[in-house]
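Report on the structure given below.
The values are calculated or read from the model by the stated rules, or taken from the named source; none is laboratory data. None of the values given here were measured: they were computed from a predicted structure. A quick note on method: Cβ atoms are made from the backbone with ideal geometry, for glycine too, and the neighbour counts reach across all protein chains shown. Heavy atoms of the whole protein, side chains included, go into the accessibility calculation; ligands, DNA and RNA do not. Shrake-Rupley method; radii C 1.70, N 1.55, O 1.52, S 1.80 Å.
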Amino acid sequence: MSVPTKLAVPDIFFTPEWNEAYAAHEGGEFQQFEWKSDIGHIIYPFIKRPVPLLDGWFDTITAFGQSGPVIIEATEGQRRALVEEFDAAFQEYCDQQHIVSEYIRFSSWVKNAEDFFPLYGLDMRGIVMYIDLTVEDPFRYEFSSAARQQVRRALKNGVTVEYDFTGETFDDFYRLYGLTADRNEFPDHYLFEHGMLKNSFQGLKGKQFLLNAKFQGKIVSSALMVHHGAYMHYHLVANDPEYFRCAGNSLIMAEACNYGKTHGFSQLHLGGATNDALYRFKRRFTKTEPLEILTGKRIRNTEMYGKLTELKRLQFGIKNPGHFPLYRA
């Protein structure tokens, strides 16, 4: 059955609150499929989207971040059987709901792809980097000497960091986020609408906050941090390019590590590294090896998938034959 439920899920991207907040960004509505049996319990949060070209048909995608189906509990030695039960039940659900295909961004750190990979075609889509907060002192053992030097320079120059748990300074953050997006030519998927992000401070209350670096009373760098369970995420970053010399971003990173250690988080995720410059920047803050980003794809209705793909080819052409699903290429 498809019932949103409050559970002790492993990470924020699996929570109903997150999926409700980010559903519109994916062009659909939040749904959750839940399977319970005598041998275990699985939940699967996703966004159900109308397919283009033909009314009455849908596909699914996981919300921004990394989630997918995840085993909440399983009888020892029965994980494979539980997954097979789930798959049969979800196929029936897809048939009833006219769902053509699925696209999943699996969690690199929860590692749920290990349980579900036989069901999906998997692609390796890059790496995600994180700071190990279980070490005694992340500043000392994870940060490079150059990063530590940047933090000390920021403090010497009078840069301070302030917390905002309510979104009071959100407009300042969003202005800097716009500057950062323009400077780095963010792809559309990484551009978030003002109202959606601002409203998320209500839906995700207690699960996110802003860290603001200030120089001479002005916010020069800001980061939107989100957290749940054992994990923190350096979700979105915003900088004023006129104040790069202040190293506010480095000071924010150090403060985020302090917060994570104090509150018992085990990892601070820095996101992916889509180019060499981004990799080098993030690498300065962690000596921990990156994790693979895995995505899964599955056709649930082969006949309709073929019809939609042919309709797309005839009407508009298929510009990117490597895209999934092809009818959205």
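Quick notes on this one:
- Amide H contacts under 5 Å for Q267, placed H, 5+ residues apart: L133, M232
- Degrees between helix 170-184 axis and first principal axis of the chain (Cα, 0 to 90, nearest 10): 80 degrees
- Nearest-10 value in Å² for the accessible area of H323, using the 1.4 Å probe: 70 Å²
- Computed over the chain, the per-residue total of -39500 (n - 2.57) for DSSP H runs of n ≥ 4 gives a 222 nm mean residue ellipticity of -10000 deg cm²/dmol, rounded to 500.
- Most to least accessible of D188, D123, D240 (protein chains only, probe 1.4 Å): D188, D123, D240
- Residues within the reach of a label modelled at L53 (point 7 angstrom out along Cα to beta-carbon, backbone nitrogen below 16 Å), restricted to the stretch 81-107, are 99-102.
- Summed residue charge, Cβ within 14 Å of N212's Cβ, Lys/Arg positive, Asp/Glu negative: -4
- Sites listed here are trypsin sites (Lys or Arg not before Pro) in the stretch 244-325 whose DSSP assignment is loop and whose Cβ has at most 12 other Cβ atoms within 10 Å: K319.
- Taking every protein chain into account, the accessible area of the chain amounts to 47 square angstrom per residue (probe 1.4 Å).
- Size of charge dipole - the stretch 165-296 - debye, nearest 20, with Cβ of Lys, Arg +1 and Asp, Glu -1, no other charges: 480 debye
- Take the chain and mark each of the GluC sites (Glu not before Pro) that is in a DSSP loop with at most 11 other Cβ atoms within 10 Å; the longest unmarked stretch, sites excluded, is 194-329.
- Trypsin sites (Lys or Arg not before Pro) within the stretch 1-72: DSSP coil, no more than 11 neighbouring Cβ in 10 Å: K6
- With a threshold of 21 Å on the Cα-Cα distance, the over-threshold entries among K111/K198; K156/K261; K205/K297; K207/K287; K111/K297 are K111/K198; K156/K261; K205/K297; K207/K287.
- Nearest-ten-degree value, helix 302-315 long axis tilted from longest Cα axis of the chain: 70 degrees
- Fully extending the segment from N184 to K198 would add 2.8 nm, taking 0.36 nm per residue of separation and subtracting the current Cα-Cα distance.
- Ranked order, D95, D115 - accessible area, probe 1.4 Å, largest first: D95, D115
- Degrees, to the nearest 10: 145-156 long Cα axis against longest axis of the chain: 60 degrees
- Mean separation of Cα pairs under 8 Å and 6 or more residues apart, divided by the residue count, gives the chain a relative contact order of 23 percent.
- Counting only protein heavy atoms and a probe of 1.4 Å, the accessible surface of the chain is 50% carbon and sulfur.
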